[in-house]
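These notes are about the structure you will find just below.
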Amino acid sequence: MTLTAPVRPQERPRSRPRGRPRISTALTYLSLVVASAVVLLPLLVVFLTSLKSYGEVSDGQGALAPPDDWLNFSNYATAFSDGHLLQAFGNTAFILLFSITGTVIIGSMTAYAIDRFDFRLKKLVMALFLIATLVPAVTTQVATFQVVNGFGLFNTRWAPILLYMGTDIVAIYIFLQFIRGIPRSLDEAARLDGANSFTIYRKIIFPLLKPAVATVVIIKGITTYNDFYIPFLYMPDEDLGTMSTALFRFKGPFGAHWENISAGAVLVIVPTLVIFLFLQRYIYNGFAQGATK
């Protein structure tokens, strides 16, 4: 007589509770909606105000009230002509060209020297770079202003260019992360062929930094374009106004004409918004690649 083991009934798979995933998903979408509203609502108010007439704004209508004429672009013409935005755009382009070029060259060379050369007090230099990022820039403006004024650069376009090129610690760290991912064997092979350090940087290191260069150019360009404090402090002359300071000058001639101020704000925002939307993948890819090197 053979004994057979009793057959156990198959256990049903336990169903996971569906309440928590649904709650977390709902909270995720809710936070995204709130964040989008915080960012987009002011832009919508500015855009609607730019299409309104002086009477509509002075009547005390709601900020989100639609304009009577959706094709009222006279405020844009007034802001562009009376605000001298074309001249301001030329000054901004001049500052951008030299600031971005200097930042890329100085930042990449500094990162190359820090990573590839061994010298005394190297750790101290890295610590000073870290401390420089923690010190608020406003606390050093008195000394910085005295230095700029001592060089005779006050009220010239070279004052912000010099400050933008010499104060970008973030660009150095971005280049440093990419250079650490480049094998040192390339440097050694080049030295065997008789290349010096500058040749290695120019022909090997710098061409491999294209993703980092694209990231620095975009971030530095948008930051410089939107900066108000440095151009306003070091270039008070109206002929040296930039796109950011040109908006502030609407306060004088136009007083409380917020429709003209809003139109000027839209004209300033549109270029950076378009550039960011088209080039945002380069920014994210540059940071991601630098973080995984």
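The values are calculated or read from the model by the stated rules, or taken from the named source; none is laboratory data. Being a predicted model, the structure only gives us computed values, none of them experimental. Cβ atoms come from the backbone with ideal geometry, glycine included; neighbour counts cover every protein chain shown. Each accessible area value is taken on the protein alone, full model and side chains, heavy atoms only, with ligands, DNA and RNA left out. Shrake-Rupley method; radii C 1.70, N 1.55, O 1.52, S 1.80 Å.
Residues are listed down the side, and each one gets a yes or a no for (1) assigned to a helix (DSSP H, G or I); (2) touching a Phe, Trp or Tyr at 6+ places or on another chain (Cβ under 6 Å); (3) basic (Lys, Arg):
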residue	(1), (2), (3)
Thr101	yes, no, no
Arg120	no, no, yes
Ile131	yes, no, no
Val147	yes, no, no
Thr156	no, no, no
Leu163	yes, no, no
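Would you mention how many residues in segment 155-169 are at pLDDT 85 or above and open to solvent by 70 Å² or more (accessible area, probe 1.4 Å)?
Matching residues across segment 155-169 total 3.
Could you tell me whether Asp118 is at pLDDT below 90 and out of contact with any Lys or Arg (no Cβ under 7 Å at 6 or more places or on another chain)?
For Asp118, the condition - at pLDDT below 90 and out of contact with any Lys or Arg (no Cβ under 7 Å at 6 or more places or on another chain) - is met.
A quick yes/no check of all residues on (1) more than 14 Å from Leu85 (Cβ to Cβ); (2) open to solvent by less than 60 Å² (accessible area, probe 1.4 Å); (3) not β-branched (Val, Ile, Thr):
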{"site": "Arg202", "(1), (2), (3)": "yes, no, yes"}
{"site": "Ala214", "(1), (2), (3)": "yes, yes, yes"}
{"site": "Thr245", "(1), (2), (3)": "no, yes, no"}
{"site": "Gly264", "(1), (2), (3)": "no, yes, yes"}
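Closer than 23 Å to Asp237 by Cα, among the small types (Gly, Ala, Ser) and exposed (fewer than 15 other Cβ atoms within 10 Å of the Cβ), is that true of Gly152?
Considered against the rule, which asks whether it is closer than 23 Å to Asp237 by Cα, among the small types (Gly, Ala, Ser) and exposed (fewer than 15 other Cβ atoms within 10 Å of the Cβ), Gly152 comes out as yes.
Which condition breaks for Ile105 when tested against (1) among the hydrophobic types (A, V, I, L, M, F, W, C); (2) part of a helix (DSSP H, G or I); (3) surrounded by 15 or more Cβ atoms within 10 Å (Cβ to Cβ)?
(3)
Residue check, Phe89 against (1) modelled with pLDDT under 85; (2) open to solvent by 90 Å² or more (accessible area, probe 1.4 Å), all met but one. Which one?
The number of the failed condition is (1).
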